[in-house]
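The values are calculated or read from the model by the stated rules, or taken from the named source; none is laboratory data. Everything numeric here is computed off the predicted structure, so don't read it as measured data. Using ideal geometry, Cβ is built from the backbone for each residue, glycine included, and neighbour counts are taken over all protein chains shown. Quick note on the areas: whole protein, heavy atoms, side chains included, nothing else; ligands and nucleic acids left out. Shrake-Rupley method; radii C 1.70, N 1.55, O 1.52, S 1.80 Å.
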Amino acid sequence: MEKIIEILINGLSTGAIYALLALGFVLIFKSTGIINFAQGELAMVGAFVCYSFAMLMNLPYILAVLIALVIGALLGSVVDLLFFRRMVGEPMFSTIMVTVGLASIVTCISGIIWGHDVHSIQSPFTDKTVAMGNLVISQGTLYTIGLSIVLIILFILFFNRSLLGIAMKGTAEDPDTAGLMGVNVKKVHMLAWAIGTMVAVLAGIFLAEQSFVRLSMSHTGIKAMAAAILGGMESIGGAILGGVIIGVVEGLAANYLSGMELGDFHFGDIKDVAAFAIMIIVLMIRPHGIFGKEKVERV
Amino acid sequence: MKTRIVVSSFILLGALCLMAGGTWAKEVRGVTDTEVKIGCLVDLSGPAKYGGPPIAQAFKDCVAWVNDNGGINGRKINLVVEDNGIMPNTTMKAARKIILKDGVFAIGFNLGSAGASAILPLCEENEVVLMPHGANKKFFYPGNKWVFVPHTVQYSMACRAVEYILEKNPKARIGMIYQDDGFGREGLEGARAAAKFMKSKLVKEAPYKMGTMDFTPHMNAMKEANVDTIVLWTYLPQSASVIKQKVKMGWDVTLISNNTTGVPPLFALVGENADGYMLVTPFAPVHTDVPGVKRIKEINKKYGDPKKTLDNPMYPDYLYLAGWGYIEAMVEGLKKAGRDLTPDSLVKGLESIRDYNMGGLCPNITFGPKRHVSSFSSLVLRADGKAKRFNIIDGFKEPKTPQ
Amino acid sequence: MGGNFKVSYREDMALFQTLWVKVWLSILILLLLLAPYLLSRYQLSILIEMGIAVIGALGLNLLTGYTGQISLGHGAFLAIGAYTSGLLTGKLGLPFFLSLPLSGLMAAGLGLIVGIPSLRLKGLYLALGTLAFGFIVEYILFHWDLTQGDMGMAVKRARLGDFVIKTEKAYFYFVMIFAAGAAICAKNLVRSKIGRCFVAIRDRDIAAEAMGIPLAKYKIMAFGISAFYGGIAGCLMAHYQRWIVPGSFDISLSIAYIAMIILGGLGTILGSVLGAILITGIPHWITYLTDVFKESYPALSGLIVDFKLGIFGLIIVLTLLFEPQGLFGIYRRVRLYWKTWPYKY
């Protein structure tokens, strides 16, 4: 029983990062209708920027995080300006492939700037733990979970209560009509990219806190996308649920299946595959995710 | 009408296929009266980029030194360094280029286990001697005419690690975290064999996928199995993650790992937490005071850029030394092959190397017709977190487990 | 469309539409026949690679370009073809002329299975589903003793009866015959009923269904055919390299194939061929450039090497942003321009 609780808590902490990344997906998707395969890469860039300011220039950690967030927002706006402003109204295939291409460009450029090595960021809660009875949890994990919850509540309020949030939702639904209703569509898109990238940057910094900064941390993006899809791209709550489900499934698979041998088949590290298998199974049953709604298409 | 054209062109094609079989007598590829071309396949791009430049540097320094001293049997070495991008398909392209286009005589280094397997048929077909670096046990057992392994392989190192632990404490409960690929599994096999030989066993085995950074589940499983020593067959980032996780869990467990993690950047990643981290390696740390290391330091000073290489405290020195071991083996083989240089004479030359003195830099090199691996012995190092370096705690020894 | 008016259905359906196409094609065939006698082994090896890529790209274009189904897992079908043929010839001793079609069929069979979710999934969901399929195939190849894990397994030389295809020359002709055959089959397919059904599904699947096209049948068929092409390409690759590792067929291969069809032009046969040739050629071209600058500008040479990783992504993005119809679109525009010169149209 204790083991199950431990797996659940660890799954929750991994899930929180997935959920944060997934939140970025949903945010950009809900306002621009573009699915951003480069979300993980943007997170990686954010972590590297934070690393550059905190470790190479020796700025205080909090300041480095703030600078990274601002740079992330700028980066998001630039990405929108350079690539996606011209992509409005293009077919789904083109937009997806542009983000896939963008992902490899971002990785390549980051490789040139920061190299392929692994780096660590020293933050105020590095290597600090909190003991609760038998459980030992790192402070970083607690901050991740806590801040994720706060952010998620803020976003839910933003989309449902604020004028801008509703304008963003409307733009995603139908950019032309939203434009006619007086919404500055271009501005809304740019804003969505800026905020979406900022969230990704934050997720990247948390991810770096849990392990290290490196180029391949962007792979987490794919898993976060699986989480977002599992929950249904439309809903923020779904993204969180998806993230936690994937985190817990991974924990269970790593504990009970990894390393098993079945005849001449070695299970090896089955964690990642288990996450994807769950995603496919859910999609087969509910093609639009757990909370997703089927859209009525016009011919 | 149209069908006839199509059919007749296909017949023509077929006829041409049959004609295309002729070969012609030729001189030896990559060898002229004054020069011999040696290839070096390392990563200059991609995820393992940190590994390539030190190896290439060692090759360049050594080649400059050899050429400066008159070359080998009247021939200077012409070094061809090519980026192999670690992936099997990029390695294949690189190998095809240096063999078919640049026409190298032999490949003195290839980084990456899967890539080396992938280019094997190409090397066999073109009679290229290949010296691969990576998980290599299968290259000398059962063995291949063209492949020579001038370093101690992961299997032997894993045996050494487990034997070292069990000799210190026969009752040690050993767990193993290994990378789920050829590299990690060769380590796992070695560790299992050694544990069995010492009448013990691995209590818990946990594989991880290459690139994983979150070791929470693995370490939890280890703790649950009540393990007191963990053998890590991991790369540097993963070892650092495990150490970080160990600190997070507040768990004092002994860690022993392999040569790839024995580089100074480990201290940049985990700082003093690295203290006590052990590893098995065939290469002496560059601060060690042995004749072999001193010699290459001098050569490096003369031909290379020591500020950026061996004198740089963050330099992954074992890669430089590994490169050195390879090129020295190749140079010695070329020397022994004599003036009449052909692929077969190089194989004979390499096979006649006996106990070539490396001066404590790495184990001495011995090859033979039935033995294409240079040595089985390795050192045990221990990390000193304050001085930020590794110290030898157990000298060169061969594992007792049959290899 | 300047000057070339078709007056009969027969003319519209012709395989090669004008005399010029025929002339150019015969020149191309002649050049290909002569190539092995003019080029070095290394250059031939690049051409072989290109020929194999043409087959794979044609397959992906039938699925993505013609039927409009996104696939991020095309590399997995090449892997299935390669491993099927490798195992059949290696373990069971089947002759190559049997294992070649069987490897295509095996890939097609699995392609059909992957096609089933496509009935329910669209766009993004399909993209991620096929991506996951690619990961799962790689995982299985990695962990099965039969396929010998990430270190890969040996594959026998291709052998037809008593004739072993040994030299680059022979393999070049062999691959080119298949590439030409694949292109002709694809061209024929897309001008048949099946091809037009594919296009209808791509343009508006609900409308297509309303017009009486059974969606399920044609979507799954598109996956099957595309996978068949992939399997054949994989099989040819395996017997050329004679050693296969799962790492050769990862997501980057799938992305390279997508880059091919996007650069060449979605939904065109000529485009697939052009794209495959260019995308396969680019890494070699980069290697050539690094060699040129190695001596004089080592720093520039190092930068070019770094750039290698992002080049396909850059090509995809630039093509989609500035010339969504790819090279084929440029070719068509240029042709039109000269036909009507000096008038605009």
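Only residues that are open to solvent by less than 30 Å² (accessible area, probe 1.4 Å), within 14 Å of chain C (Cβ to nearest Cβ) and hydrophobic (A, V, I, L, M, F, W, C) were counted across the stretch B:51-95, and they come to 6.
Which of the residues spanning the stretch B:267-281 are more than 21 Å from A:Ser123 (Cα to Cα) and either within 14 Å of another protein chain (Cβ to nearest Cβ) or buried (at least 24 other Cβ atoms within 10 Å of the Cβ) (or both)? Explain how you work it out, then say what you get.
Taking the stretch B:267-281 as the starting set, the residues that turn out to be more than 21 Å from A:Ser123 (Cα to Cα) are B:276-281.
Selection gives B:Tyr277, B:Leu279, B:Val280, B:Thr281.
If you check A:Leu69 against the conditions, is it farther than 24 Å from C:Ile255 by Cα and either open to solvent by less than 30 Å² (accessible area, probe 1.4 Å) or in contact with a Gly (Cβ under 9 Å, 6 or more places away or on another chain) (or both)? Show your work before the answer.
Working: farther than 24 Å from C:Ile255 by Cα: yes; either open to solvent by less than 30 Å² (accessible area, probe 1.4 Å) or in contact with a Gly (Cβ under 9 Å, 6 or more places away or on another chain) (or both): yes.
So A:Leu69 passes the test.
Looking at the stretch B:254-266, which of its residues are open to solvent by less than 20 Å² (accessible area, probe 1.4 Å), under 17 Å from B:Met176 (Cα atoms) and not in a helix (DSSP H, G or I)? Correct list: B:Leu255, B:Ile256, B:Ser257, B:Asn258.
Looking across A:Gly243, A:Gly289, A:Gly251, one residue alone is at the interface with another protein chain (Cβ under 9 Å from one of its Cβ atoms), within 21 Å of the chain's Cα centre (by Cα) and under 17 Å from C:Leu128 (Cα atoms). It is A:Gly289.
Screening the candidates C:Lys344, C:Lys308 for the property of being loosely packed, with under 15 Cβ neighbours inside 10 Å and of a type outside the set (Gly, Ala, Ser) yields one hit, C:Lys344. Could you list, in sequence order, the residues of the stretch B:33-50 that are more than 14 Å from chain A (Cβ to nearest Cβ) and either under 18 Å from B:Ile107 (Cβ atoms) or among the aliphatic types (A, V, I, L, M) (or both)? Once the filter is applied, which keeps residues that are more than 14 Å from chain A (Cβ to nearest Cβ) and either under 18 Å from B:Ile107 (Cβ atoms) or among the aliphatic types (A, V, I, L, M) (or both), the stretch B:33-50 yields B:Glu35, B:Val36, B:Lys37, B:Ile38, B:Gly39, B:Cys40, B:Leu41. Considering the conditions (1) farther than 30 Å from C:His143 by Cα; (2) touching a helix residue (DSSP H, G or I) at 6+ places or on another chain (Cβ under 7 Å), C:Tyr257 is excluded by exactly one of them, (1). Is it the case that the stretch B:127-149 has a residue that's open to solvent by less than 10 Å² (accessible area, probe 1.4 Å), over 17 Å from the mean Cα position of the chain (by Cα) and in contact (Cβ under 8 Å) with a residue 24 or more places away in the chain? There is at least one residue in the stretch B:127-149 that is open to solvent by less than 10 Å² (accessible area, probe 1.4 Å), over 17 Å from the mean Cα position of the chain (by Cα) and in contact (Cβ under 8 Å) with a residue 24 or more places away in the chain.
Going through (1) open to solvent by less than 20 Å² (accessible area, probe 1.4 Å); (2) more than 21 Å from B:Pro363 (Cβ to Cβ); (3) in contact with a Pro (Cβ under 6 Å, 6 or more places away or on another chain) one by one, B:Ala337 falls short only on (3). Note on the stretch C:56-70: residues that are in a helix (DSSP H, G or I) and either closer than 14 Å to C:Gly224 by Cβ or within 14 Å of chain A (Cβ to nearest Cβ) (or both) total 8. Within the stretch A:85-97, being closer than 18 Å to C:Gly267 by Cα and hydrophobic (A, V, I, L, M, F, W, C) holds for A:Met92, A:Phe93, A:Ile96, A:Met97.
Whenever a residue of the stretch B:183-211 is more than 13 Å from B:Val231 (Cβ to Cβ), its partners that are open to solvent by 50 Å² or more (accessible area, probe 1.4 Å) and of a type outside the set (D, E, K, R), lying with C-beta atoms within less than 7 angstrom and at least six residues away or across chains, give the pairs B:Gly211/A:His219. For A:Ile278, all conditions in the list (1) at pLDDT 85 or above; (2) facing another protein chain (nearest Cβ under 7 Å); (3) surrounded by fewer than 22 Cβ atoms within 10 Å (Cβ to Cβ) hold save one; what is the number of the exception? Failing condition for A:Ile278: (2). Please verify whether the stretch C:316-327 includes one or more residues that are in contact (Cβ under 8 Å) with a residue 60 or more places away in the chain, outside any helix (DSSP H, G or I) and within 14 Å of chain A (Cβ to nearest Cβ). Scanning the stretch C:316-327 turns up at least one residue that is in contact (Cβ under 8 Å) with a residue 60 or more places away in the chain, outside any helix (DSSP H, G or I) and within 14 Å of chain A (Cβ to nearest Cβ). Under the condition of being in a strand (DSSP E or B) and within 8 Å of another protein chain (Cβ to nearest Cβ), which residue from the stretch A:99-130 is farthest from A:Gly221 (Cα to Cα)? Step by step, filter the stretch A:99-130, then rank; the result is A:Thr129.
Go through the residues of the stretch A:67-89 one by one and say whether even a single one is touching a Phe, Trp or Tyr at 6+ places or on another chain (Cβ under 9 Å), modelled with pLDDT of 90 or more, among the aliphatic types (A, V, I, L, M) and more than 26 Å from C:Leu314 (Cα to Cα). Yes, some residue in the stretch A:67-89 is touching a Phe, Trp or Tyr at 6+ places or on another chain (Cβ under 9 Å), modelled with pLDDT of 90 or more, among the aliphatic types (A, V, I, L, M) and more than 26 Å from C:Leu314 (Cα to Cα). Once the stretch A:75-88 is narrowed to residues that are touching a residue at least 12 places away in the same chain (Cβ under 8 Å) and not hydrophobic (A, V, I, L, M, F, W, C), the residue that is farthest from A:Ala38 (Cα to Cα) is A:Arg85.
Scan the stretch C:243-262 for residues that are among the hydrophobic types (A, V, I, L, M, F, W, C) and either over 12 Å from the mean Cα position of the chain (by Cα) or within 11 Å of chain B (Cβ to nearest Cβ) (or both) and report the count. Break it down into steps so the answer makes sense when it comes.
As a first pass, look at the stretch C:243-262 and keep what is among the hydrophobic types (A, V, I, L, M, F, W, C): C:243-245, C:249, C:251, C:253, C:255-256, C:258-262.
Narrowing further to those that are either over 12 Å from the mean Cα position of the chain (by Cα) or within 11 Å of chain B (Cβ to nearest Cβ) (or both): C:243-245, C:249, C:251, C:253, C:256.
Result for the stretch C:243-262: 7.
Within the stretch B:193-250, the residues that satisfy the criterion of being acidic (Asp, Glu) and either surrounded by 20 or more Cβ atoms within 10 Å (Cβ to Cβ) or within 12 Å of chain A (Cβ to nearest Cβ) (or both) are B:Glu205, B:Asp214, B:Glu224. Only one of (1) open to solvent by 20 Å² or more (accessible area, probe 1.4 Å); (2) part of a helix (DSSP H, G or I); (3) within 14 Å of chain A (Cβ to nearest Cβ) fails for C:Leu128. Which number is that? In the conditions (1) open to solvent by 20 Å² or more (accessible area, probe 1.4 Å); (2) part of a helix (DSSP H, G or I); (3) within 14 Å of chain A (Cβ to nearest Cβ), C:Leu128 misses (1) alone. When B:Trp251 is tested against (1) in a loop (DSSP other than H, G, I, E, B); (2) farther than 30 Å from A:Met132 by Cβ, exactly one condition is not met: (2).
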